[in-house]
Each structure stands twice: as structure tokens, then as C-alpha cells.
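The values are calculated or read from the model by the stated rules, or taken from the named source; none is laboratory data. All figures in this text were calculated on a predicted structure; none of them were measured in a lab. Counting neighbours? That spans all protein chains shown, and the Cβs are built from the backbone with ideal geometry, glycine included. Just the protein is used for accessible areas: all its heavy atoms, side chains included, with ligands, DNA and RNA removed. Shrake-Rupley method; radii C 1.70, N 1.55, O 1.52, S 1.80 Å.
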Amino acid sequence: MPSTTQLASAARRRFIRNTGTLAAASLAAPGLLRAATNEIVIGCAGSHTSWMEKLVAPHMKAKIGASILIEGTKSSVNLEKMSSNKSKPYLSVVQMDDPVMIQAVGEGLLAPITKTDVPNVAKLRAGAVHMDGMWANYVQPWAGVAYNSKALKGVSSWADLWAPAAKGKIIIPSLQNTEGMWTLFMAAHLGTGMPLAKAQYEIDAAFDKLKGLKGQVLNVYSVMSQSFNLLEQGEISMLAGNFSSYTLPRKVAGAPVDLAAPKEGIFAMPSGICLVKGGPNPGLAKAYVNEMLGAELQAKIAEFSSSLPANTEVPATASTPKGVEIFSPDWAFVAKNRKEWITRFDKLMAA
């Protein structure tokens, strides 16, 4: 009779396959998912699954001999997985957003990334390594306003979300999603006229401004893919807070979408990578992180995802906007207040 551990492992394998986030290598022999010692499970954003499977999995197989099993979901869900499995982790590496990384550090879920174990961390640009190496930014997509290019010629201002012509034709992210913060902070900026660096702390003004946006919104999403499908189909004209690593590859693939960098500014998505404390195969996990931060893979990921590379040996891609502010908020402030903001936001949008 199978043990409890075997049954739990089998259930997890079924879940991964059903959600379509398992790397192709595991599909060839699902019964051996956890048997081989060269396998590591990586938690990442659901929207990153396509390039993780296309670029990262074959690179890791060739360079470090590791079979990568990918679980794509939201950063908050990755945090829950690490927390609930703290005594016996099954994830080796997690790629998630900075504000959630702060929470993970507070819960003692991460192991530090050191130059000895991960030499490429020394090649990262200033500000890409956080809290004495607890995590590092491996790439930074930029976020603006995605729009249907058949419906609109462009989006010159974030204020266009509030325009009468946009009523019922926009979708915004929930504050449970990191990209939801961009609409909140821009609402604060538009409501106060303050620079983003100061406006980000004017949360009451932000919610006052969001009251005027509520009637414009067709929907608020927590899972982005379905909303993006509506944008491609022309059911909506704008999707607030979307990011280059998702929108621009879809544009290249021929979808009628584009990503605007409005005049008020754009945002740097905080894509971080960390080692799970006590995670399986720590040697392979460190080698994986080192490859993710290396110039060869950094260049491929940045080009494919239209993102800013973290490795200083890799130049910025041609898709990086020029002439607008690229803003990174105070993530410690976000982490401290996020639960309260989510409750307040959900109540506002549901009323």
C-alpha cells in the first residue's frame, strides 16, 4: 500500500499536470517525478511558464544536467506553498515578486544567495541584490497599460482609464497581484499631483481616486490570462498594469495588442529569485540560480520577455521605453500595509 508521502506526491503531480504548469520533461515519466536526484521543482509566475519551458528548462538540462519541474502561479501562492511545507520543503527555488520576498524572509523561508555558491551574483547591477543576499532580481519587466491596437492608437496617459470613452472597456488587476499596485499608485499620483515617490504614501487619496474608476471597470482580475484573452479579442480596450514580458511577446506573435508607456511613468516589475531554505538538491538549486543570473541566459530571457536584464554584462533591449520615469516603489511600505489595502480594495470594488 502506498505511504502517505507517496499519495501526497501523486496528488501534487496530478494537480501540476492538470494546471498545465509542469515542464515537458516530467510528462515523459510522471511516475518517476520525484525519484531522480537531478530534478528540482521551481515555483514561478504563471505568466512566465512559456519562456521558462522554452528557454530555461533546456538550458538547465544542457548546462547543469537538471530536469526542471515548473509550478506556475501567483507570488502569494508560492509563499503559501513555502510556508505550509516549511518543515519539509519540496520547492528548491522560487521566482516571485519583491514584496512577497520580504514576507518570506520574515517567515524564515529563504536561504541566502552568496558569491561563493552563486558567483554570478557579483555581476548584477546595483540594487538588484536585497537584504544581504536573501534574494536577487534576475530580470525586470516594465509595466504600463496594455491596449488593443485595433481599438486604440495608443494610451498617452494613465488618466485615459478614467475617460468616459473607456467605460466598461477596461480591466484592472486585484491588489492581490503585484501589478495591481501600479493602478493604486498612479491613482495616488493623479489624485494628488505629487511625484510618484511621494504620492505612493498618499493611500487615502489613491482610494478616493479609485472610486471614480470603479464605474469604468468591466472586471477586476486575480488571474491575468483570461482578461488578456478579452483584450486580444477586443472585448476590452485597455488592461491596466500589464507588463512587457507578457504583452510584447504576444504582439510579436501577431496578437492585436501593444503596451503603452504613458507620460506619467511606468513601473519596474520586481521579479526576484531565491533559494528555499532546506529545499531539495541544494547544490543543483544554487547552480540553477547561478545560471539564471549568468549573461548567456540573462540575454535570452531579456530579449524574449522584453525586460531589463540584471547582469551588467547584458545591454538593455531595444523595447525598453525612453523618456519616461521608470518607478520602483517602497516595497517595505507595501509589505507592511498590503493586507489592509487588499481588504479595502475588495470592499470598494464589491460595493
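Within segment 307-351, being in contact with a Gly (Cβ under 6 Å, 6 or more places away or on another chain) and not hydrophobic (A, V, I, L, M, F, W, C) holds for one residue alone: Glu325. So Asn85 fits all but one of (1) in contact (Cβ under 8 Å) with a residue 12 or more places away in the chain; (2) closer than 17 Å to Val276 by Cβ; what number is the exception? Result: Asn85 passes all but (1). Of all the criteria given as (1) of a type in the set (D, E, K, R); (2) open to solvent by less than 30 Å² (accessible area, probe 1.4 Å); (3) at pLDDT 95 or above, the one not satisfied by Glu179 is (3). Inclusion of Gly180 among residues that are in contact with an Asp or Glu (Cβ under 8 Å, 6 or more places away or on another chain) and either within 25 Å of Met82 (Cβ to Cβ) or of a type outside the set (Val, Ile, Thr) (or both) is not warranted.
The criterion of at least 3 residues that are under 18 Å from the mean Cα position of the chain (by Cα) and buried (at least 18 other Cβ atoms within 10 Å of the Cβ) is met by the following helices (runs of 4 or more DSSP H) wholly inside segment 242-351: 244-252, 295-305, 331-350. Here is the figure for segment 41-68: residues that are open to solvent by 20 Å² or more (accessible area, probe 1.4 Å) and among the hydroxyl-bearing types (Ser, Thr, Tyr) total 2. Among the criteria (1) open to solvent by less than 10 Å² (accessible area, probe 1.4 Å); (2) under 24 Å from Thr73 (Cα atoms); (3) in contact with a helix residue (DSSP H, G or I) (Cβ under 6 Å, 6 or more places away or on another chain), the one Leu210 does not fulfil is (2). If the condition is being modelled with pLDDT under 95 and closer than 23 Å to Met101 by Cα, then segment 34-49 contributes Cys44, Ala45, Gly46, Ser47, His48, Thr49. Checked against (1) open to solvent by less than 40 Å² (accessible area, probe 1.4 Å); (2) more than 24 Å from Gln233 (Cβ to Cβ); (3) modelled with pLDDT of 95 or more; (4) out of contact with any Lys or Arg (no Cβ under 9 Å at 6 or more places or on another chain), Met194 passes all but a single condition, namely (1).
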